[in-house]
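Peer 1: Please find one structure pasted underneath; my questions will follow.
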């Protein structure tokens, strides 16, 4: 998504402007993917994420510069048919046997093997799944030491059809195509750190 | 029965008695703060600022004879701002109480209640700071669970925007801890680009024992449970009797019972905006009043170098 000239702009302000243009263009023609943004080299990746989240750190401190951009639910697919996509959120439970609310704790919601995941600011659920488990984001960031297990369908669909696509990408695409049509969960409910709730201890 | 008897005739002569001093029977957590090293004084302003270098020079390359120069590159930096929370306790002692306690004269009292009001209040404050440090706070008071997390805005940085500020976080495969959960977290966070150097794993006592049950028992064939020869738990300086690899698994009282935290301890710091101090206040009627205050904040130089396994509720 980001071509050579963007990465090698010599001045940070021009680099930011080029990143903004690239993002705007990709949103306009609906080609934007989180995978492309997360796989971009630094500082391009951070600049792009800042622009998507309506902030900038030109002064060295993050400052709000605009409205966060929403790119809609993102279809994520587990590479393995036996895996599941999990979204973490802060919730709370009662202390077992009482009506006293316990301290907040991290809970997870399973979205199944294929899911359209919301990516609203500031939670950015889909982005966070891809950051820690994304294929091939994790592969790239760990320099091949680890592999991601969740793939962004839109990115895969495009990449598999490109002339220079690796064979394994084409193979994964063919394998996943059959599972693509029926995502088995709705986007997750948005929960904040303090406002989450969950049923009492099972 | 005539004569001096214990049953009836020594009551006036016998002093009401108890061993001097007070036995602490109230649980207060004083085990957490020492893990973060010597507190770091704030340097002015409302936050301790950590400058993060997150991007290198993109012009780095190999080149061949005669190649033209490319564009110059530069490093990139952003500042994280870690705040402190102010803590206080108030003490009030009436003139009547001071008189009757003889200002703590040990000839009159079993324990110096006035002095203890101060030392116990200080312990109550430390308990509160410890509890906050183990909590989920993203703003002051910041907690370790908020720091070691994959999302949320902390120290002014949204971890979803600044992905190099995210900790590696994963949910347990089930609600019961499995070795594979720790393996997954450890390998992902140890490799690039998290590059953690975890040297302690924190969990609750219950989860530590759950893990012990999975790892096996000492002396059982095929077990992978290592026990330290160093000595028992609960002794200052002894971190644990269990290890994951060579990393001690440290049970922490008051830590939520659903997580394992892999911590690179050198990344943590306890900021000291104000050391504990006692100020006498103006008297109210015949009472003396005092204010105990301090301002502290947990921070982290590099949250990315810590991991968390969640949802272990069993």
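The values are calculated or read from the model by the stated rules, or taken from the named source; none is laboratory data. Keep in mind it's a predicted model, so treat the numbers as computed, not measured. In this analysis, Cβ positions are derived from the backbone assuming ideal geometry, glycine residues included, and neighbour counts consider all displayed protein chains.
Peer 1: Quick one: which residue in B:3, B:104, B:45, B:66 is at positive phi and touching a helix residue (DSSP H, G or I) at 6+ places or on another chain (Cβ under 6 Å)?
Peer 2: Working: B:3 fails: touching a helix residue (DSSP H, G or I) at 6+ places or on another chain (Cβ under 6 Å); B:45 fails: touching a helix residue (DSSP H, G or I) at 6+ places or on another chain (Cβ under 6 Å); B:66 fails: touching a helix residue (DSSP H, G or I) at 6+ places or on another chain (Cβ under 6 Å).
Exactly one residue qualifies, and that residue is B:104.
Peer 1: What's the total number of residues in region B:277-298 that are part of a strand (DSSP E or B), touching a helix residue (DSSP H, G or I) at 6+ places or on another chain (Cβ under 6 Å) and surrounded by fewer than 16 Cβ atoms within 10 Å (Cβ to Cβ)? Walk me through it before giving the result.
Peer 2: Kept after step one, since they are part of a strand (DSSP E or B), are these residues of region B:277-298: B:277-284, B:287-298.
If we keep only those that are touching a helix residue (DSSP H, G or I) at 6+ places or on another chain (Cβ under 6 Å) as well, we get B:292, B:296, B:298.
Going one step further and asking which of them are surrounded by fewer than 16 Cβ atoms within 10 Å (Cβ to Cβ), we end up with none.
Matching residues across region B:277-298 total 0.
Peer 1: Also, I was wondering about something else. Looking at region B:215-230, is at least one residue modelled with pLDDT of 95 or more and either touching a helix residue (DSSP H, G or I) at 6+ places or on another chain (Cβ under 6 Å) or farther than 24 Å from residue B:140 by Cβ (or both)?
Peer 2: Initially, region B:215-230 is screened for residues modelled with pLDDT of 95 or more, giving none.
No, region B:215-230 contains no residue that is modelled with pLDDT of 95 or more and either touching a helix residue (DSSP H, G or I) at 6+ places or on another chain (Cβ under 6 Å) or farther than 24 Å from residue B:140 by Cβ (or both).
Peer 1: Can you pull out every residue in region B:162-177 that is under 22 Å from residue B:257 (Cα atoms) and either more than 25 Å from the chain's Cα centre (by Cα) or surrounded by 20 or more Cβ atoms within 10 Å (Cβ to Cβ) (or both)? If you could, list the steps in order and put the result at the bottom.
Peer 2: From region B:162-177, those under 22 Å from residue B:257 (Cα atoms) are B:167-177; that's our starting set.
Of everything in region B:162-177, those that are under 22 Å from residue B:257 (Cα atoms) and either more than 25 Å from the chain's Cα centre (by Cα) or surrounded by 20 or more Cβ atoms within 10 Å (Cβ to Cβ) (or both) turn out to be B:167, B:168, B:169, B:170, B:171, B:172, B:173, B:174, B:177.
Peer 1: Quick check, is residue B:117 at the interface with chain A (Cβ under 10 Å from one of its Cβ atoms) and outside any loop (DSSP other than H, G, I, E, B)?
Peer 2: Details: at the interface with chain A (Cβ under 10 Å from one of its Cβ atoms): no; outside any loop (DSSP other than H, G, I, E, B): yes.
Against the criterion (at the interface with chain A (Cβ under 10 Å from one of its Cβ atoms) and outside any loop (DSSP other than H, G, I, E, B)), residue B:117 does not qualify.
Peer 1: Among residues belonging to region B:58-89 that are more than 11 Å from chain A (Cβ to nearest Cβ) and in contact (Cβ under 8 Å) with a residue 40 or more places away in the chain, point out the one that is nearest to residue A:15 (Cα to Cα).
Peer 2: That would be B:82.
Peer 1: Looking only at region A:56-74, which residues are assigned to a strand (DSSP E or B) and either modelled with pLDDT of 95 or more or buried (at least 20 other Cβ atoms within 10 Å of the Cβ) (or both)?
Peer 2: Applying the first criterion (assigned to a strand (DSSP E or B)) to region A:56-74 yields A:56, A:63-64, A:74.
Answer for region A:56-74, where residues must be assigned to a strand (DSSP E or B) and either modelled with pLDDT of 95 or more or buried (at least 20 other Cβ atoms within 10 Å of the Cβ) (or both): just A:74.
Residue-wise test of (1) more than 9 Å from chain B (Cβ to nearest Cβ); (2) surrounded by 14 or more Cβ atoms within 10 Å (Cβ to Cβ); (3) part of a strand (DSSP E or B); (4) over 17 Å from the mean Cα position of the chain (by Cα).
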| position | (1), (2), (3), (4) |
| --- | --- |
| A:115 | yes, yes, yes, no |
| A:154 | yes, yes, no, no |
| A:163 | yes, no, no, yes |
| A:173 | yes, yes, no, yes |
| A:180 | yes, yes, no, yes |
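Peer 1: Of B:122, B:140, B:108, which residue is without any contact (Cβ under 8 Å) to a residue 12 or more places away in the chain and either surrounded by fewer than 21 Cβ atoms within 10 Å (Cβ to Cβ) or away from chain A (no Cβ under 14 Å) (or both)? First the steps, then the outcome.
Peer 2: Numbers: B:122 fails: without any contact (Cβ under 8 Å) to a residue 12 or more places away in the chain; B:140 fails: without any contact (Cβ under 8 Å) to a residue 12 or more places away in the chain.
Being without any contact (Cβ under 8 Å) to a residue 12 or more places away in the chain and either surrounded by fewer than 21 Cβ atoms within 10 Å (Cβ to Cβ) or away from chain A (no Cβ under 14 Å) (or both) holds for just one of B:122, B:140, B:108, which is B:108.
Peer 1: Please specify each residue of region A:37-53 satisfying the condition of being more than 9 Å from chain B (Cβ to nearest Cβ) and surrounded by fewer than 22 Cβ atoms within 10 Å (Cβ to Cβ).
Peer 2: If the condition is that a residue be more than 9 Å from chain B (Cβ to nearest Cβ) and surrounded by fewer than 22 Cβ atoms within 10 Å (Cβ to Cβ), then A:39, A:40 are the ones that fit.
Peer 1: Check residue B:156 against each of (1) under 20 Å from residue B:81 (Cβ atoms); (2) without any contact (Cβ under 8 Å) to a residue 12 or more places away in the chain; (3) out of contact with any helix residue (DSSP H, G or I) (no Cβ under 9 Å at 6 or more places or on another chain) and name the one condition it does not meet.
Peer 2: Unmet condition: (2).
Peer 1: Filter region A:20-36 down to the residues that are within 15 Å of residue A:3 (Cα to Cα), surrounded by fewer than 20 Cβ atoms within 10 Å (Cβ to Cβ) and free of Cβ contacts under 8 Å to residues at least 40 places away in the same chain and list them by number.
Peer 2: A:20, A:21, A:24, A:25, A:26, listed by residue number.
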